[in-house]
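The values are calculated or read from the model by the stated rules, or taken from the named source; none is laboratory data. All values reported here derive from a predicted model rather than from experimental measurement. Neighbour counts run over all protein chains shown; Cβ positions are idealised from the backbone, glycine included. Ligands, DNA and RNA are excluded from the accessible area calculation, which covers all protein heavy atoms including side chains. Shrake-Rupley method; radii C 1.70, N 1.55, O 1.52, S 1.80 Å.
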Amino acid sequence: MPKLMLALDLDKDKALKVVEEVKNYIDAIKVGYSLVLSSSLDIVKEIKKIANKETILDFKVADIPVTNEKIAKISLKYGDGIIVHGFVGKDSVKAVKDVAKSLNKKTIMVTEMSHPGALEFIQPIANKLAEMAKELNLDGIVAPSTRPERLRELKQISGLPIYTPGVGAQGGKLEEIINILDDEDYLIVGRSIYLSDNPKEMAKYYKELL
Ligand code: NUP
């Protein structure tokens, strides 16, 4: 069964409330910049106190290797993994991977993003990014639920676990991608759970469909 990862792009109080409500139906949590910037990295500890789930930091790290390394060292004291951008090149991604590996944490790399603007610059290079993720033997790639055929292709090329956002608020349909996902993969859902009138019921709904 693919795993359900709750995306938290909320302020601290709302985020903790949602985690409490949905904790029995989610397998993992993704913490975004808005949450960390409105609180601190300690929010990861607070989340884990409520729901002891794998927690990935969606920081889309995209800098020169030495700076990436510093960001990874600080962030991975808290999270179980970190999301990086691949377009900055292999050396930058490897800098994060080396830190993560030494701490037994995950490095997950963005290939093609899920929003319309991804067609402008990142889609044309996304297959190459997926090849690089494979070559670096990373722990997973981010690929879009909003484009099922691209999701399938990027999964095939990388051969790595997929972390896929886009279902729900961004228009992606779970029924169109469910057959692409394996047990090792993660479905990322944010707004259509945490903005719903009943987040618990929505999380349960996604969990049962998976
Ligand atoms: O390509 C990406 N698309 C995307 O939506 C890469 C991401 N990391 N995300 C993140 O996934 C986005 O920042 C948000 O945290 C989550 C999707 O949330 P929602 O659209 O389900 O609310």
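Could you check which residue among Asp80, Asp91, Asp139 shows the biggest mean-square fluctuation in a GNM of the chain with a 10 Å Cα cutoff? Among Asp80, Asp91, Asp139, the largest mean-square fluctuation in the Gaussian network model of the chain belongs to Asp91.
Stokes-Einstein diffusion of the range 3-209 at 25 °C, 0.890 mPa s viscosity, Kirkwood radius from Cα pairs, rounded to a whole number: 145 µm²/s.
Taken as Cα centroids, the range 81-102 and the range 18-36 sit 24 Å apart, rounded to the nearest whole angstrom. Past 21 Å, Cα to Cα: identify those pairs from Lys49/Lys77; Lys70/Lys97; Lys53/Lys128; Lys17/Lys200, in the order given. Where the Cα-Cα span goes over 21 Å, the pairs concerned are Lys53/Lys128. Sorting Lys53, Lys94, Lys45 on solvent-accessible area from highest to lowest, probe radius 1.4 Å, gives Lys45, Lys94, Lys53. Which one, Ile180, Ile188, Ile64, has the greatest fluctuation when you compute a Gaussian network model over the chain with C-alpha springs under 10 angstrom? Fluctuation is largest for Ile64.
Extension gain for Asn24-Asn104 works out to 26.2 nm (0.36 nm per residue, less the C-alpha to C-alpha distance). What the chain shows is 46 Å² of accessible area per residue, with the surface traced by a 1.4 Å probe over protein heavy atoms. For Glu176, the shell of other residues with beta-carbons less than 15 Å away shows a net charge of +1, using +1 for Lys and Arg and -1 for Asp and Glu. To the nearest 10, the accessible area of Met1 is 120 Å² with a 1.4 Å probe. Note on the chain: with a GNM built from Cα contacts shorter than 10 Å, the maximum mean-square fluctuation among Gly81, Gly171, Gly140 falls on Gly171. Each Lys and Arg contributes +1 and each Asp and Glu -1, all at the Cβ; summed about the Cα centre of the chain, the dipole is approximately 480 debye.
If you model the range 94-136 as an ellipsoid using its alpha carbon gyration tensor, with each semi-axis the square root of five times an eigenvalue, the axes come out at 25, 11, 7 Å, biggest first.
Counting only protein chains, not ligands or nucleic acids, how are Phe87, Phe121, Phe59 ordered by accessible area (probe 1.4 Å), most first?
Descending order: Phe121, Phe87, Phe59.
Can you send over the carbon and sulfur percentage of the accessible area for the chain, probe radius 1.4 Å, protein chains only? Could you put the intermediate results ahead of the total?
Details: 4930 of 9730 Å².
Solvent-exposed carbon and sulfur of the chain make up 51 percent of the total.
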